[in-house]
Amino acid sequence: MAFETLDPFSRHFAESLFAVYPQWKPFAKVEKADGSGSSYLAVEVVPAPNSDVATGLYILTENDEVTIGFDSYHCHFDWPARDTDLTVDPMAFVSAILDERVAVVSVWEGEKWCGSWLMIEGREPDHDKYGGPGRRLRIRSWNGTLDRDVTPFLGS
């Protein structure tokens, strides 16, 4: 990959990312931003080792922000991070995904996606809150150890 063609923001983040995960360099691409002509980093680490996920782990640095996604969830980060918390620091967030300290929870009504969020540090989602006819919670983690589908029910 031609790091020198990345915009300065992307180059700075790429240096930090590949210092920790050099094995991901083969998954990296340089993408062109629409309109601006600048180049950003795109990394997709696929597939997740043992998990049935919609998408593997992906990292983008377009528009001077870091976007990280996994399965049916994505979030945006500033760089450099202001804090080391996994909700603020993209490097901490990546580590949390790989270590399975976070999993993605998504709500589905049949084949229709209704929303996603993180299950942090094994805190179980409120199954009843998302109940309803035909709804299910899909939980996915990097290694698949937390993977399961749950059909919530209404009330107790």
Lone qualifier among ALA33, ALA54, ALA92 - being surrounded by fewer than 20 Cβ atoms within 10 Å (Cβ to Cβ), within 26 Å of GLU4 (Cβ to Cβ) and either outside the structural domain of GLY144 (by TED's automatic domain parsing) or modelled with pLDDT of 90 or more (or both): ALA33
Test ALA48 against the criterion of being modelled with pLDDT of 90 or more, more than 21 Å from GLU31 (Cβ to Cβ) and in a loop (DSSP other than H, G, I, E, B), and give yes or no. no
Matching option when the condition is touching a Ser or Thr at 6+ places or on another chain (Cβ under 6 Å), touching a residue at least 24 places away in the same chain (Cβ under 8 Å) and outside the structural domain of SER141 (by TED's automatic domain parsing), among LEU17, LEU41: LEU41
Search result, residues across the stretch 59-89 that are touching a His at 6+ places or on another chain (Cβ under 8 Å) and surrounded by 15 or more Cβ atoms within 10 Å (Cβ to Cβ): GLU65, VAL66, THR67, ILE68, TRP79
Would you call TRP79 farther than 18 Å from ARG148 by Cα and either in contact (Cβ under 8 Å) with a residue 60 or more places away in the chain or in contact with a Ser or Thr (Cβ under 8 Å, 6 or more places away or on another chain) (or both)? yes
By residue number, the members of the stretch 36-51 that are of a type outside the set (A, V, I, L, M), buried (at least 20 other Cβ atoms within 10 Å of the Cβ) and over 23 Å from PRO8 (Cβ atoms) are SER51
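The values are calculated or read from the model by the stated rules, or taken from the named source; none is laboratory data. In this text, all values refer to a predicted model and were calculated from it rather than measured experimentally. A quick note on method: Cβ atoms are made from the backbone with ideal geometry, for glycine too, and the neighbour counts reach across all protein chains shown.
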